[in-house]
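**Q** Dumping the structure here so I can ask a few things about it.
The values are calculated or read from the model by the stated rules, or taken from the named source; none is laboratory data. All figures in this text were calculated on a predicted structure; none of them were measured in a lab. Cβ coordinates were reconstructed from backbone atoms using ideal geometry, including for glycine residues, and neighbour counts include every protein chain displayed. To get the accessible areas, we keep the full protein, side chains included, count just its heavy atoms, and leave off ligands, DNA and RNA. Shrake-Rupley method; radii C 1.70, N 1.55, O 1.52, S 1.80 Å.
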Amino acid sequence: MRRFTVPLLVLLLFGVLIGLAYYDKLDLYVQSVLMFMGINIIFGSSLNIVNGYMGEFSCGHAGFMAVGAYVSSVLSVLFFAQDKVFGAPLLPPEYAIYGFPIIVIIAFIAAALTGLLVALPSFKTRGDYLAIITIAANYIIITTIINLDFIGGPRGFMGMKSVIFAMEDVAFLPWMLIWVYIFTILSIWAIYRFVSSTYGKGIIAIHQDEVAAEIMSVNTNKMKLIAFMFSSGLAGVAGALFAHVLGYVNPNSFNILKSTEGLVMVYLGGMGSLSGSVLAAILFTFLLELLRPLQIIKWVVIPLLLIILMQFRPEGIMGNRELSDIFPRLRKFYQFK
Amino acid sequence: MALLEIKNLTQYFGGLCALTEFNMTIEEGDLVGLIGPNGAGKTTVFNLVSGFYQPTRGEIIFNGKNIAGLKPHQVTALGIARTFQNIRLWHEMSVLDNIMIAQHYNLGYSLKDLFLRTRRYQENEKRIRDEAYKFLEIMNLKEYALEKPKNLPYGMQRKVEIARALSVKPKLLLLDEPAAGLNSADVKELIELISWIHKEFKLTIWMIEHQMTVVMSLCSWLKVIDFGATIAEGTPEEIQNNPEVIKAYLGDGKI
């Protein structure tokens, strides 16, 4: 029985959310907050693969999000929307429903390949030096985008809204909410499966003692490559969803500040805790909205909270434990497999 | 054919010569030792054999194959396992995980199987887990399977590290100062453990050790190096009375 609890809950939540949204019981503002929660969950927990589980310090995660956002935006406008630069859509817009998941997967691949930019230097360096390399990678990506005129350069790129409208023309459903939900669940599922396998635990071994990992037959270079590519690929998925939820992307929304938000979520939740990252992403998104009336002072209050957290609970909300470690009774009801 | 044959192995670190013209032959089933004063280059030899350094010159032939220049994980997969002078376990993971992760060379499933949780994945994960438990039972460590190594006493950690090295089913086991930091009761236990695994697993063992009691009661052949050069070799009794060795350890007596 317990192997069905989680899938059932996931389906139930899906039904409730989509149902509420469909019958206008969930206003657009609440919907957008929920979608940003999902995107932040993907963004935070994917960064946790590298920073938490593998113990490296990547500070340029938003760069990969930018790659995912731009690749997916360009593709979906190219295929499904009328655009000044790209001209008429290559495919009838009503195919957008089927095309969108494929585009997100391409965004994953593109961002994963960009991940090589930091994976390859990580063979030789780690710690502070790798942190500097990742910041540099973030800047390289942003600067490249700013200098590419055909995707709008510093002005940003738009047109994705019409793709969403095309989906709604086919079936009037809250499509972006559906996509964000599906990809959030898929990402968590994939990360869980990775880090709970003997293969994936190799990256935890690298974290705790890289020399021992190498001598006990873990191919550390290959593991690092896979971890970085997996992590940056998922950031690309987050970027693709982000771009389509907003309907507009701007290179500056993926700068170092966005990367820092990712770090905040990882350290708030606890390094090496998947449920911690999910909780932290929900909490963080919620906090951002709650403090919105404070306007710019918000960016004083949130860092201050982080300082307090580091003072009194440096391991984050969950430490490196999962929900089922803290509440062992939960295991009666579910078991991931 | 010898299991391990090292020919003219030489290693420079910049201008410093850490090892010169080192030769060694180990037959299958041997239990031999490598000794020498601090800084003599003993660990350098182990680091070369296990693949952490690329030798400047020389050959390391293991089972008929030149392994000089291979990566450590490749060397391990070929059948050479080692332990470290300072214990290098994954302290935040359970003892069971420590043993299971050492099966990385022999997982039997791909990334695709991992994400799709195919039958191949399930079967291999089960095999790895069962084998790890069986192995812990042989080593009398089963009751600690779910403990973290950092919570175990030092002597027990040493045993877990040896168990982890054995779990990759090596043909040759390199022990780098296994008795370092152990008290005399633990040392006695360690001697028994090493001679037991030597027989039980029909292993070839090569160890670096400072404590004469360990070396004398275990090794059948010793090699002594100082400043990277071989100064003596022979049975423990011969080595004990060799004037060159005494000089290297204690100085030449002129005050």
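Here is a yes/no grid of residues against (1) free of Cβ contacts under 8 Å to residues at least 40 places away in the same chain; (2) within 20 Å of residue A:240 (Cβ to Cβ):
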| site | (1), (2) |
| --- | --- |
| A:99 | yes, yes |
| A:107 | no, yes |
| A:112 | no, yes |
| A:122 | no, no |
| A:128 | no, no |
| A:132 | yes, no |
| A:136 | no, no |
| A:154 | no, no |
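**Q** I'm checking my understanding of the structure. Among residues of region A:205-219 that are open to solvent by less than 30 Å² (accessible area, probe 1.4 Å) and facing chain B (nearest Cβ under 7 Å), which one is nearest to the chain's Cα centre (by Cα)?
**A** Only one residue fits best here, namely A:205.
**Q** Here are A:230, A:157: which of them is of a type outside the set (S, T, N, Q), surrounded by 19 or more Cβ atoms within 10 Å (Cβ to Cβ), under 19 Å from residue A:63 (Cα atoms) and modelled with pLDDT under 95?
**A** Criteria check complete, one pass: A:157.
**Q** Given the options B:189, B:131, B:123, B:143, name the one that is more than 14 Å from every other protein chain (Cβ to nearest Cβ) and more than 21 Å from the chain's Cα centre (by Cα). Write out each step before concluding.
**A** Numbers: B:189 fails: more than 21 Å from the chain's Cα centre (by Cα); B:131 fails: more than 14 Å from every other protein chain (Cβ to nearest Cβ); B:123 fails: more than 14 Å from every other protein chain (Cβ to nearest Cβ).
Unique residue meeting the criteria: B:143.
**Q** Quick one: in region A:160-201, which of the residues that are more than 22 Å from the chain's Cα centre (by Cα) and open to solvent by less than 40 Å² (accessible area, probe 1.4 Å) is farthest from the other protein chains (Cβ to nearest Cβ)? Walk me through it before giving the result.
**A** If we filter region A:160-201 for residues that are more than 22 Å from the chain's Cα centre (by Cα), which is where we start, we get A:162, A:165-173, A:198-199.
Keeping just the survivors that are open to solvent by less than 40 Å² (accessible area, probe 1.4 Å) gives A:166-167, A:171, A:198-199.
On the way: A:166: 31, A:167: 27, A:171: 29, A:198: 5, A:199: 6 Å.
Going through the qualifying residues, I end up with A:166.
**Q** Tally the residues that are closer than 28 Å to residue B:61 by Cα, open to solvent by less than 20 Å² (accessible area, probe 1.4 Å) and not aromatic (Phe, Trp, Tyr), restricting the search to region B:180-220.
**A** Count: 11.
**Q** Next question, about the same structure. On the given criteria, is residue A:233 assigned to a loop (DSSP other than H, G, I, E, B), within 25 Å of residue A:131 (Cβ to Cβ) and either away from chain B (no Cβ under 14 Å) or touching a residue at least 60 places away in the same chain (Cβ under 8 Å) (or both)?
**A** no
**Q** Those residues that are over 20 Å from the mean Cα position of the chain (by Cα) and not in a loop (DSSP other than H, G, I, E, B), I need them from region A:104-135; list them, please.
**A** Of the residues in region A:104-135, the ones over 20 Å from the mean Cα position of the chain (by Cα) are A:120-130, A:132-133.
A:121, A:122, A:123, A:128, A:129, A:130, A:132, A:133, listed by residue number.
**Q** How about region A:1-29: which of its residues are aliphatic (A, V, I, L, M), in a helix (DSSP H, G or I) and open to solvent by less than 60 Å² (accessible area, probe 1.4 Å)?
**A** Filtering region A:1-29 for residues aliphatic (A, V, I, L, M) gives A:1, A:6, A:8-13, A:16-18, A:20-21, A:26, A:28.
After this cut, where a residue has to be in a helix (DSSP H, G or I) as well, the list is A:6, A:8-13, A:16-18, A:20-21, A:28.
Within region A:1-29, A:6, A:10, A:17, A:18, A:21 qualify.
**Q** Given the residues B:148, B:169, which is the only one that is in contact with a strand residue (DSSP E or B) (Cβ under 9 Å, 6 or more places away or on another chain), within 19 Å of residue A:205 (Cβ to Cβ) and surrounded by fewer than 17 Cβ atoms within 10 Å (Cβ to Cβ)?
**A** Criteria check complete, one pass: B:169.
**Q** Does residue B:29 satisfy being of a type in the set (Gly, Ala, Ser), open to solvent by 10 Å² or more (accessible area, probe 1.4 Å) and under 16 Å from the mean Cα position of the chain (by Cα)? Please lay out each step first, then the result.
**A** Details: of a type in the set (Gly, Ala, Ser): yes; open to solvent by 10 Å² or more (accessible area, probe 1.4 Å): yes; under 16 Å from the mean Cα position of the chain (by Cα): yes.
So residue B:29 fits the description; yes.
**Q** Of everything in region B:146-157, what is among the charged types (D, E, K, R) and either at positive phi or away from every other protein chain (no Cβ under 14 Å) (or both)? Give them in sequence order.
**A** The one that is among the charged types (D, E, K, R) and either at positive phi or away from every other protein chain (no Cβ under 14 Å) (or both): B:147.
**Q** Restricting the first residue to region B:92-111 and requiring it to be at pLDDT 90 or above, which pairs with a second residue that is open to solvent by 10 Å² or more (accessible area, probe 1.4 Å) and of a type outside the set (Ser, Thr, Tyr) meet a Cβ separation below 6 Å and a spacing of at least six or different chains?
**A** Pairs that qualify, where the first residue is at pLDDT 90 or above and the partner is open to solvent by 10 Å² or more (accessible area, probe 1.4 Å) and of a type outside the set (Ser, Thr, Tyr), are B:92/A:208; B:94/B:146; B:95/B:147; B:101/A:201; B:105/B:77; B:108/B:124; B:109/B:120; B:109/B:124.
**Q** Is it the case, given these coordinates, that residue B:45 is part of a strand (DSSP E or B) and under 27 Å from residue B:227 (Cα atoms)?
**A** Working: part of a strand (DSSP E or B): no; under 27 Å from residue B:227 (Cα atoms): yes.
Here the answer is no, as residue B:45 does not meet what is asked.
**Q** Which one of B:130, B:186 is more than 21 Å from residue B:49 (Cα to Cα), among the charged types (D, E, K, R) and in contact with a Gly (Cβ under 6 Å, 6 or more places away or on another chain)? I'd like the intermediate steps shown before the answer.
**A** Details: B:130 fails: in contact with a Gly (Cβ under 6 Å, 6 or more places away or on another chain).
Exactly one of B:130, B:186 is more than 21 Å from residue B:49 (Cα to Cα), among the charged types (D, E, K, R) and in contact with a Gly (Cβ under 6 Å, 6 or more places away or on another chain), namely B:186.
**Q** Residues A:81, A:112, A:88: which one is out of contact with any helix residue (DSSP H, G or I) (no Cβ under 9 Å at 6 or more places or on another chain) and either under 23 Å from residue A:234 (Cβ atoms) or among the hydrophobic types (A, V, I, L, M, F, W, C) (or both)?
**A** After applying the criteria, what remains is A:88.
**Q** Give the number of residues within region B:42-71 that are open to solvent by 10 Å² or more (accessible area, probe 1.4 Å), within 18 Å of residue B:177 (Cβ to Cβ) and away from chain A (no Cβ under 14 Å).
**A** The number of residues fulfilling the criteria is 2.
**Q** Spot the failing condition for residue A:269; the list is (1) modelled with pLDDT of 85 or more; (2) out of contact with any Leu (no Cβ under 7 Å at 6 or more places or on another chain), and only one is missed.
**A** Looking at each condition in turn, residue A:269 falls short on (2).
**Q** A further question on this structure: Taking residue B:38, is it assigned to a helix (DSSP H, G or I), more than 8 Å from every other protein chain (Cβ to nearest Cβ) and open to solvent by 10 Å² or more (accessible area, probe 1.4 Å)?
**A** no
**Q** Output the residues belonging to region A:246-294 that are under 26 Å from residue A:53 (Cα atoms), open to solvent by less than 60 Å² (accessible area, probe 1.4 Å) and assigned to a loop (DSSP other than H, G, I, E, B).
**A** Scanning region A:246-294 gives A:255, A:270, A:272, A:273.
**Q** Using the structure shown, decide if residue B:162 is open to solvent by less than 10 Å² (accessible area, probe 1.4 Å), more than 8 Å from chain A (Cβ to nearest Cβ) and on the phi < 0 side of the Ramachandran plot.
**A** Taking the combined requirement at face value, the residue satisfies it.
**Q** For region A:298-314, state whether one or more residues are outside any loop (DSSP other than H, G, I, E, B), among the charged types (D, E, K, R) and surrounded by fewer than 18 Cβ atoms within 10 Å (Cβ to Cβ).
**A** Taking every residue of region A:298-314 in turn, at least one turns out to be outside any loop (DSSP other than H, G, I, E, B), among the charged types (D, E, K, R) and surrounded by fewer than 18 Cβ atoms within 10 Å (Cβ to Cβ).
**Q** Consider region A:73-103. How many of its residues are open to solvent by 30 Å² or more (accessible area, probe 1.4 Å), assigned to a helix (DSSP H, G or I), out of contact with any Pro (no Cβ under 9 Å at 6 or more places or on another chain) and aliphatic (A, V, I, L, M)?
**A** Selection size over region A:73-103: 2.
**Q** OK, next. Can residue A:64 be described as touching a Ser or Thr at 6+ places or on another chain (Cβ under 6 Å), open to solvent by 30 Å² or more (accessible area, probe 1.4 Å) and part of a helix (DSSP H, G or I)?
**A** Against the criterion (touching a Ser or Thr at 6+ places or on another chain (Cβ under 6 Å), open to solvent by 30 Å² or more (accessible area, probe 1.4 Å) and part of a helix (DSSP H, G or I)), residue A:64 does not qualify.
**Q** Just for helices (runs of 4 or more DSSP H) wholly inside region B:72-143: which have at least 2 residues that are open to solvent by 70 Å² or more (accessible area, probe 1.4 Å) and within 15 Å of residue B:163 (Cβ to Cβ)?
**A** Because the criterion is at least 2 residues that are open to solvent by 70 Å² or more (accessible area, probe 1.4 Å) and within 15 Å of residue B:163 (Cβ to Cβ), the helices (runs of 4 or more DSSP H) in region B:72-143 that meet it are B:119-138.
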